[in-house]
Amino acid sequence: GKMQTLSRWVITAAASCGGAASASPSPPSRLVLQPTVQLLDELAGANGIVRVVQTHTHRVLLLDTVVLGAEYRADWARDQAAFSGMALMQTLAFLQPVPAAVLCLGLGSGTVPEFLRARGIETDTVEYDRAVLAMATKHFAHGERPSPGRDVLADALSFLSGGETLPSRRYDVVLSDLFAGTNPISAHTHEHYTRIRSSWLRKGGVLAVNIFAHRAGNYSQLAASTRRTLVAVFEHVRAFTDHPPSPMTEGTPSNLLFFASDAPLQFTPMADYGAPEGSSDHLHANFLGWELAADDAAGSLISANDPPPSWLLAEQQDITTTTTNMG
């Protein structure tokens with residue numbers, strides 16, 4: 001099966017949960033599922049109802065109507081990411097040198113840490129929602145791969161700033177994937193990136209930042225400003241999207257993954273054995289060709305000391321509208 005884009009799945013999920021997504025989610029007792037969708041489990045989470053639903057092909061993790069993660073049900077397909085954005089984040093396994101220790105901020109259904117642990121990469125995760133961690137562990141492949149590494153229940157930002165009583169350590173890669181319907185601006189500030197660089201990464205380590213955003217056009221300030229802010233902290237920054245960039249897809253938001261390091265960023269992609277387009281193996285073989293060109297003049301520095309940028313609300317509303325009301 002082809003990997004889905006996030007927006008297409010949100011529509012499917014919203015429809016399967018009884019109509020269009022609304023600002024106020026239905027209480028669980030009113031959940032109406034299509035005949036083809038089965039509710040496996042639900043739990044009250046920190047920000048809404050966390051549910052696991054199943055179609056004939058996929059198992060999906062939802063926060064209200066936002067898709068947090070998914071995997072294929074068929075045993076032979078479970079090692080393929082269900083979403084292109086997840087497959088894109090898995091590419092940090094192809095960094096050279098191969099990372100030995102990774103910290104993932106944000107868990108989802110655990111597709112990325114499970115992929116890394118399967119390769120022997122020690123992977124710690126930080127997830128603030130107890131319900132998300134419980135569902136990922138109980139119903140997804142993540143629960144079958146508890147090591148190497150550990151899962152920590154904590155708020156990522158307070159964890160990083162030392163608000164947690166856990167021993168800090170240095171990582172080869174820190175992956176920030178904190179999208180839960182919108183991109184939290186506090187996770188994209190100069191101060192936040194600097195703290196990760198100075199306190200959490202080994203010398204020459206890599207910060208990987210995933211956002212779901214526009215790469216061009218009226219709503220591309222977050223993408224441009226994320227790059228600009230990373231460039232102010234690290235010597236080397238590269239960015240990739242989860243599909244071959246073309247003018248046809250420029251108007252649509254997608255997953256954008258930024259890599260930032262004080263050492264040159266080099267990758268050894270997966271060998272291309274002719275995996276079908278839309279599979280994660282195809283992405284893992286071809287993502288270096290999907291790099292985004294740098295525009296150093298675009299965007300602005302995001303600082304924790306400034307009020308939220310003037311463009312932020314419009315961009316967040318656009319993403320919310322795109323991911324819930326398309327179709």
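The values are calculated or read from the model by the stated rules, or taken from the named source; none is laboratory data. This one's a predicted model, so the numbers in the text were calculated from it and none came from an experiment. Neighbour counts run over all protein chains shown; Cβ positions are idealised from the backbone, glycine included.
Figures for the structure shown
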item: Whichever residue in segment 221-243 is of a type in the set (V, I, T) and either within 20 Å of the chain's Cα centre (by Cα) or within 12 Å of A294 (Cβ to Cβ) (or both) and, among such residues, is surrounded by the fewest Cβ atoms within 10 Å (Cβ to Cβ); result: V231
item: Hey, E315 surrounded by 12 or more Cβ atoms within 10 Å (Cβ to Cβ), touching a residue at least 12 places away in the same chain (Cβ under 8 Å) and in contact with a Leu (Cβ under 6 Å, 6 or more places away or on another chain) or not; result: yes
item: Counted residues, segment 69-79 - those being surrounded by fewer than 23 Cβ atoms within 10 Å (Cβ to Cβ) and under 20 Å from the mean Cα position of the chain (by Cα); result: 3
item: Scan of segment 244-265 for residues that are crowded, with 21+ Cβ neighbours inside 10 Å and not small (G, A, S), ordered by number; result: P253, N255, L256, L257, F258, F259
item: In segment 266-294, the residues that are surrounded by 15 or more Cβ atoms within 10 Å (Cβ to Cβ) and part of a loop (DSSP other than H, G, I, E, B); result: M270, A275, G278, S279, L292
item: Strands (runs of 3 or more DSSP E) completely within segment 109-207 that count 1 or more residues being modelled with pLDDT of 95 or more, among the aromatic types (F, W, Y) and out of contact with any Pro (no Cβ under 7 Å at 6 or more places or on another chain); result: 171-176
item: Segment 308-327 - residue that is among the polar types (S, T, N, Q) and under 20 Å from the mean Cα position of the chain (by Cα) and, of those, modelled with the lowest pLDDT; result: T324
